[in-house]
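Structure first, then comments.
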Amino acid sequence: MKLPLYHNLNHLEVLRASFHFRRDGYFEDNVQCWIVKVLFDFLQVSPNLESLIFDEGFSNCKSNNYDGWLMDLIPQCLLLHLKSIEFRGFFGKQIEKDLVRLFLKNAKVLQRVRITISG
């Protein structure tokens with residue numbers, strides 16, 4: 001399924017993405033690491049995005065296998081418009097560090113990065 005273009009979107013806040021699943025008779029929260037891949041797909045159709053906020057870190061991310069979310073094509077917003085990124089509730093997990101590194105490497109007009117450590 002191809003997403004429509006969101007030309008007017010200039011600010012995006014990614015809230016906690018939790019899913020409940022049943023395991024051994026009880027429910028458990030699990031933040032799926034594939035949410036990053038979905039985010040990159042969404043960035044591809046948001047060419048004028050200037051501000052991106054991650055409201056909560058990836059504390060519940062169970063997988064260390066997230067090679068699949070590397071960008072094949074750098075989104076236009078990273079090359080031309082993204083000026084501000086904020087990571088709230090940063091836990092220092094490898095997936096978070098890699099995500100910060102990826103944005104720092106590819107966001108060409110980035111002016112501000114704010115990281116708030118979870119505590």
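Numerical summary
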{"quantity": "Cβ-Cβ under 6 Å pairs, at least 6 apart or on other chains, region 42-56 side within 17 Å of L3 (Cβ to Cβ) and among the small types (G, A, S), far side part of a helix (DSSP H, G or I) and at pLDDT below 95", "calculated": "S46/C77"}
{"quantity": "Candidate set: region 88-119, residues that are touching a Gly at 6+ places or on another chain (Cβ under 7 Å) and at pLDDT 85 or above; chosen: the one surrounded by the fewest Cβ atoms within 10 Å (Cβ to Cβ)", "calculated": "T116"}
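The values are calculated or read from the model by the stated rules, or taken from the named source; none is laboratory data. What you see is a predicted model, and the numbers here were worked out from it, not measured in a lab. Virtual Cβ from ideal backbone geometry, glycine too; neighbours counted across all protein chains shown.
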